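Coordinate-derived values only; no laboratory data. As the structure is a prediction and not an experimental result, all values here were calculated from the model. Cβ sites come from the backbone with ideal geometry, for glycine too, and all protein chains shown count toward neighbours.
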Amino acid sequence: MNCYRRLLGFVPLDEARPCPRVLGAPGVLLALDFAHIDAEVARLAGGPAADVRSLYLYFLPAEAEARAVAWLKTAKPSASDRIPPPESRI
């Protein structure tokens, strides 16, 4: 849990409780505000990893993200995009 808090800025919403889905191992509900994400991406994305430990350093800056999205929209579909959905093959 500490890595999510330290590297991405998640905050706990409650105390640790046993989670029945994983045989009673402790689980903590975490939350992340989208405004925090936007601010951290604007501040750190694509920057040098000087003395900051954050996964936001590996995000694309806004202008590079826009170029990547534009490129993806013009990319040719892959073979898997042409496979009909399972319900149409019955």
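Between residue 66 and residue 7, what is the label-to-label distance in nm when each label sits 7 Å out along the Cα-to-Cβ direction?
For residue 66 paired with residue 7, the spin-label model returns 3.0 nm.
Using Cα springs under 10 Å in a Gaussian network model of the chain, which residue among 68, 35, 25 shows the largest mean-square fluctuation?
Judging by the Gaussian network model, the answer is 25.
Please report, in whole Å, how far the alpha carbons of the chain spread along each principal axis, starting with the longest.
47, 43, 21
Given R₀ = 25 Å, what would the calculated FRET efficiency be for residue 16 paired with residue 38, taking r from the Cβ atoms and rounding to 0.05?
In this case the efficiency is close to 0.30.
So what is the relative contact order of the chain, in percent, for Cα pairs below 8 Å that sit 6 or more residues apart?
So the answer I get is 21 percent.
In a GNM of the chain with a 10 Å cut-off on Cα contacts, which of 33, 14, 51 has the highest mean-square fluctuation?
Ranking 33, 14, 51 by mean-square fluctuation puts 51 first.
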